[in-house]
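K.L.:
Before anything else, here's the structure in question.
The values are calculated or read from the model by the stated rules, or taken from the named source; none is laboratory data. From a predicted model like this one, the values you see are computed outputs, not experimental measurements. Every residue, glycine as well, gets a Cβ built from its backbone with ideal geometry; the counts of neighbours run over all protein chains shown.
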Amino acid sequence: MTPDERGTIIGSDGLARPPWAAADALLQEYYDTEWGMPVRDERGLFERISLEAFQAGLSWATILRKRPAFRSAFHSFQPDAVAAFTDDDVKRLMLDAGIVRNRLKIRAAITNAQATIALRREGGLVDFVWSFQPEVTPSPLTHSEIPTTSTESIALSKALRAKGFAFVGPTTMYALMEAIGMIDTHLVDSHRRGSSGVWTDGA
């Protein structure tokens with residue numbers, strides 16, 4: 001049986017978690033306290049979009065370990081500060097071993113900060129993203145039952161691209177929706193299922 005086919009794992013504390021959050025202490029803390037909880041502030045949501053983009057092709061554990069360095073390098077992901085980054089800032093970031101040094105992703109963060117600011121004229125990033133919340137959420141028993149995209153994540157990706165965002169593909173946006181509580185993909189047996197307060201009984 002592969003990890004994807006397994007259900008929850010009972011930890012030494014007696015709590016049930018998915019395999020990805022059951023072994024690594026940092027991932028466990030993230031899972032227990034942050035993942036899947038609603039993010040409804042502009043800075044927080046911009047940070048999540050940025051980090052999800054940097055994560056593409058890498059493990060989330062890698063990004064999580066580098067998050068303090070990311071926050072320092074990107075001025076705590078304040079959109080106004082990042083939007084003002086210049087070519088000199090890009091050069092600085094490309095020399096920063098604490099972050100993921102990918103020029104396209106760095107430039108995407110700057111582009112997305114500018115797009116975030118532009119969205120303020122239309123009600124803001126938070127309302128825009130959350131308007132794509134689906135009517136129902138998955139109720140997975142195992143990791144293999146969790147989709148990697150959805151009709152809503154595809155639509156969100158398309159809409160964000162139309163607003164000038166980059167590195168916001170459907171899979172990345174589905175991961176974002178999971179991380180910020182727009183959908184609840186905690187395994188049904190997990191001690192965190194329903195913890196966001198957004199969903200009740202899987203609907």
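K.L.:
So which of A22, A97, A53 is over 24 Å from L160 (Cα atoms) and crowded, with 17+ Cβ neighbours inside 10 Å?
P.N.:
Residue meeting the stated conditions: A22.
K.L.:
Next question, about the same structure. Of (1) within 18 Å of R48 (Cβ to Cβ); (2) surrounded by fewer than 19 Cβ atoms within 10 Å (Cβ to Cβ); (3) at pLDDT 95 or above, S195 satisfies all except one. Which?
P.N.:
(3)
K.L.:
Still on this model: Please go through region 171-185 and pick out each residue that is in a loop (DSSP other than H, G, I, E, B) and either touching a helix residue (DSSP H, G or I) at 6+ places or on another chain (Cβ under 9 Å) or aromatic (F, W, Y) (or both). Give the steps one after another, and end with the answer.
P.N.:
Filtering region 171-185 down to residues in a loop (DSSP other than H, G, I, E, B) leaves 180-185.
Listed by number, the residues that qualify are I180, M182, I183, D184, T185.
K.L.:
Residue check, S12 against (1) among the hydroxyl-bearing types (S, T, Y); (2) part of a helix (DSSP H, G or I); (3) surrounded by fewer than 18 Cβ atoms within 10 Å (Cβ to Cβ), all met but one. Which one?
P.N.:
Of (1) among the hydroxyl-bearing types (S, T, Y); (2) part of a helix (DSSP H, G or I); (3) surrounded by fewer than 18 Cβ atoms within 10 Å (Cβ to Cβ), only one is false for S12: (2).
K.L.:
How many residues are at negative phi and in a loop (DSSP other than H, G, I, E, B) when one looks only at region 53-112?
P.N.:
Here is the first cut: in region 53-112, the ones at negative phi are 53-56, 58-74, 78-112.
Subsequent filtering for residues that are in a loop (DSSP other than H, G, I, E, B) retains 56, 58-59, 74, 78, 84-86, 95-102.
Residues meeting the conditions: 16.
K.L.:
Please find, within region 139-165, the residue that is surrounded by the fewest Cβ atoms within 10 Å (Cβ to Cβ) out of those that are of a type in the set (V, I, T) and in contact with a Ser or Thr (Cβ under 7 Å, 6 or more places away or on another chain). Let's see the steps before the verdict.
P.N.:
Start the filter on region 139-165 by keeping residues that are of a type in the set (V, I, T), which leaves 142, 146, 148-149, 151, 154.
Filter once more, keeping what is in contact with a Ser or Thr (Cβ under 7 Å, 6 or more places away or on another chain): 146, 148-149.
Numbers: I146: 17, T148: 10, T149: 16.
Result: T148.
K.L.:
For region 160-177, check the following and say yes or no: at least one residue is out of contact with any Cys (no Cβ under 9 Å at 6 or more places or on another chain), in contact (Cβ under 8 Å) with a residue 40 or more places away in the chain, closer than 17 Å to R48 by Cβ and charged (D, E, K, R).
P.N.:
Yes, region 160-177 contains a residue that is out of contact with any Cys (no Cβ under 9 Å at 6 or more places or on another chain), in contact (Cβ under 8 Å) with a residue 40 or more places away in the chain, closer than 17 Å to R48 by Cβ and charged (D, E, K, R).
K.L.:
Restricting attention to region 169-203, report how many residues are farther than 16 Å from Q133 by Cα and either among the hydrophobic types (A, V, I, L, M, F, W, C) or out of contact with any strand residue (DSSP E or B) (no Cβ under 6 Å at 6 or more places or on another chain) (or both).
P.N.:
Residues flagged as farther than 16 Å from Q133 by Cα and either among the hydrophobic types (A, V, I, L, M, F, W, C) or out of contact with any strand residue (DSSP E or B) (no Cβ under 6 Å at 6 or more places or on another chain) (or both) within region 169-203 amount to 8.
K.L.:
Ok, one more. From the list V168, V129, pick out the single residue that is in a loop (DSSP other than H, G, I, E, B), crowded, with 18+ Cβ neighbours inside 10 Å and within 18 Å of the chain's Cα centre (by Cα).
P.N.:
V168
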